[in-house]
C-alpha cells in the first residue's frame with residue numbers, strides 16, 4: 001500500500017483518526033516516496049511550533065520513522081528526473097479538473113512507478129486526482 005505524507009503523519013503522531021489508519025494498513029507492505037523524508041520532517045517541525053509535540057517527542061517520532069525504513073517496514077522509492085517528468089505528465093492529465101500541486105503529483109508519479117496495493121491519502125486533491133487517473137484508492 002502506498003502512503004502519502006498525510007497518512008504517514010497519522011501513523012507516527014496520535015491524531016483523531018490515527019487508530020483507523022493503523023487498522024487499514026495492517027498486513028500491507030508500506031511504500032512511499034523519498035519525498036516523505038522532507039515532508040514528514042516539515043510536518044513534525046510544524047507540530048512542534050504549534051505545541052502539539054515537544055522537541056523530545058519530535059525526536060522520538062523521527063527515530064521511529066527512520067527505524068521503520070531501516071527495518072523494511074516502510075520502503076521509500078527514490079526520486080529522479082524521470083519521476084519529476086512523470087509528475088508533470090500527471091498534472092497535465094488531471095488538468096483542469098484537479099488543480100494538483102507539485103508534491104502531490106510526485107507522490108502519484110511514484111505510486112504509478114511501483115507495483116503495490118492501493119494509494120492511501122487524506123489529501124482531497126490527491127485523492128480526486130488518483131481516482132481520475134484510475135488508481136486504486138483507500139478511503
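In table form, for the structure just shown:
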quantity: Coordinate range along principal axes, alpha carbons of the stretch 1-61, Å, largest first; calculated: 32, 25, 16
quantity: Highest-fluctuation residue, 94, 25, 115 considered, GNM on the chain with Cα pairs under 10 Å; calculated: 115
quantity: Once the Cα gyration tensor of the chain is diagonalised, semi-axes √(5λ) in Å; calculated: 25, 16, 15
quantity: Simple spin-label estimate for residue 75 and residue 41 in nanometres, 7 Å along Cα-Cβ; calculated: 2.4
quantity: With Cα atoms, 0 to 90° folded angle of helix 55-70 axis to the chain main axis; calculated: 50
quantity: Kirkwood-type radius of the stretch 23-90, with distances r between different C-alpha atoms, in Å; calculated: 13.7
quantity: Fraction of beta bridges assigned by DSSP in the chain that are antiparallel (%, nearest 5); calculated: 0
quantity: Calculated FRET value between residue 125 and residue 49, using beta carbons and R₀ = 30 Å, to 0.05; calculated: 0.80
quantity: Nearest 10 degrees, 0 to 90: helix 36-49 Cα axis against the chain principal axis; calculated: 50
quantity: Where labels lie 7 Å past Cα in the beta-carbon direction, separation of residue 14 and residue 82 in nm; calculated: 4.4
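Rule-based calculations on the coordinates, nothing more; no lab input. For clarity, every value in this text was computed on a predicted model and none was experimentally measured. Here Cβ is always computed from backbone atoms with ideal geometry, including for glycine, and neighbour counts include all displayed protein chains.
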